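S.K.: Sharing a structure, written as structure tokens. Questions coming.
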Amino acid sequence: KKDKEDPETCMKAKFFVGSTIVFFILCFLSIPYYVAVLPEEIKAHPDMLWANLFGSLFILALLFVYKKFGGRILIVNLITVFGFGGFPATYMYNGGILSPDCIWGIIISSWVFLVANRISGYFWMTISFLILIFFYYAELSGEKDFFADLQHLRSGYFFFNYFLAGIFLLLIVALYETSRRSFVNDLKKTKSEIETQKKELEVQKEEII
């Protein structure tokens, strides 16, 4: 209800709900995909499957919390914490700086700018860059051999990550454009109503005179 009071926050709120539902659907759909296409990886790292399942339910629960209590900026940051929670696995066995997982840090940070506020967006974008710098340093120093870690990953893992990232990026851009267009139309409508009221007041003033 609080987000409805201001047109700009109302636009952010609509975009937040729409894009979060998309994020939930993509997370949930990744579960059967991993089971069907990457059974060996799931057997070796079952935590990957459970993380996606827990994350999907967590995101869905936060939407209901938002509907009842609000707190959009806090909820956006909680979802982002979940989104960044996979980077330890990326470092350990998914290829680090060479992994397709890295693209998600940049996409999610950009999403935070649009649905929360600038401070949160700058914070998570900085975290994303620091993670990439850490991965790069680990590779250069010889602490990790990310090329060797990539050997156990199938092409399906790369395809699915880039495919989902592309879909999510496309949909959030489309949702943002729709929200922005709605916001502009509402402003035009409000401006038109104000002008109509102004004319009516001028007529009433003339009649009084």
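S.K.: Look through the stretch 131-155, keep the residues that are touching an Asp or Glu at 6+ places or on another chain (Cβ under 8 Å) and open to solvent by less than 40 Å² (accessible area, probe 1.4 Å), and return whichever of them is modelled with the highest pLDDT.
M.R.: F146
S.K.: Exactly one of these conditions fails for I133: (1) over 26 Å from Y33 (Cα atoms); (2) in a helix (DSSP H, G or I); (3) in contact with a helix residue (DSSP H, G or I) (Cβ under 8 Å, 6 or more places away or on another chain). Give me its number.
M.R.: Status for I133: all satisfied but (3).
S.K.: May I pose another question? Considering the stretch 109-130 alone, what residues qualify as being under 8 Å from the mean Cα position of the chain (by Cα) and surrounded by fewer than 21 Cβ atoms within 10 Å (Cβ to Cβ)?
M.R.: We begin by selecting, within the stretch 109-130, every residue under 8 Å from the mean Cα position of the chain (by Cα); these are 109-112.
The one that is under 8 Å from the mean Cα position of the chain (by Cα) and surrounded by fewer than 21 Cβ atoms within 10 Å (Cβ to Cβ): S110.
S.K.: Still on this model: E177 passes all but one of (1) closer than 29 Å to V37 by Cβ; (2) open to solvent by less than 70 Å² (accessible area, probe 1.4 Å); which number fails?
M.R.: Here E177 meets the rest and fails (1).
S.K.: Scan N185, N161 and give me the residue that is touching a Phe, Trp or Tyr at 6+ places or on another chain (Cβ under 9 Å) and of a type in the set (S, T, N, Q). Break it down into steps so the answer makes sense when it comes.
M.R.: Values: N185 fails: touching a Phe, Trp or Tyr at 6+ places or on another chain (Cβ under 9 Å).
Result of the check over N185, N161: N161.
S.K.: To continue, here is another question. Scan the stretch 1-49 for residues that are open to solvent by 60 Å² or more (accessible area, probe 1.4 Å), assigned to a helix (DSSP H, G or I) and either on the phi > 0 side of the Ramachandran plot or among the acidic types (D, E) (or both) and jot them down.
M.R.: Within the stretch 1-49, E8, E40, D47 qualify.
S.K.: Spot the failing condition for T80; the list is (1) in contact (Cβ under 8 Å) with a residue 12 or more places away in the chain; (2) over 14 Å from the mean Cα position of the chain (by Cα); (3) surrounded by 15 or more Cβ atoms within 10 Å (Cβ to Cβ), and only one is missed.
M.R.: The number of the failed condition is (2).
S.K.: Specify the residue that is farthest from F16 (Cα to Cα); the eligible residues are those in the stretch 112-139 that are of a type outside the set (A, V, I, L, M, F, W, C) and touching a residue at least 12 places away in the same chain (Cβ under 8 Å). It would help to see each step written out before you state the result.
M.R.: From the stretch 112-139, those of a type outside the set (A, V, I, L, M, F, W, C) are 117-118, 120-122, 126, 128, 136-137, 139; that's our starting set.
Retained after the next criterion (residues that are touching a residue at least 12 places away in the same chain (Cβ under 8 Å)): 117, 120-121, 128, 136, 139.
Details: N117: 12, S120: 14, G121: 14, S128: 21, Y136: 32, E139: 36 Å.
Filtering the stretch 112-139 for residues that are of a type outside the set (A, V, I, L, M, F, W, C) and touching a residue at least 12 places away in the same chain (Cβ under 8 Å), the one farthest from F16 (Cα to Cα) comes out as E139.
S.K.: How many residues are open to solvent by less than 50 Å² (accessible area, probe 1.4 Å) and either touching a Phe, Trp or Tyr at 6+ places or on another chain (Cβ under 6 Å) or in a loop (DSSP other than H, G, I, E, B) (or both) if we restrict to the stretch 50-71?
M.R.: 5
S.K.: Against the definition (within 30 Å of G142 (Cα to Cα) and of a type in the set (S, T, Y)), how does S99 come out, yes or no? Full working, then the answer.
M.R.: Working: within 30 Å of G142 (Cα to Cα): yes; of a type in the set (S, T, Y): yes.
Criteria met by S99.
The values are calculated or read from the model by the stated rules, or taken from the named source; none is laboratory data. From a predicted model like this one, the values you see are computed outputs, not experimental measurements. We place every Cβ from the backbone using ideal geometry, glycine too, and count neighbours over all the protein chains shown. Note: accessible area is taken over every heavy atom of the protein model, side chains too, but ligands, DNA and RNA are not part of it. Shrake-Rupley method; radii C 1.70, N 1.55, O 1.52, S 1.80 Å.
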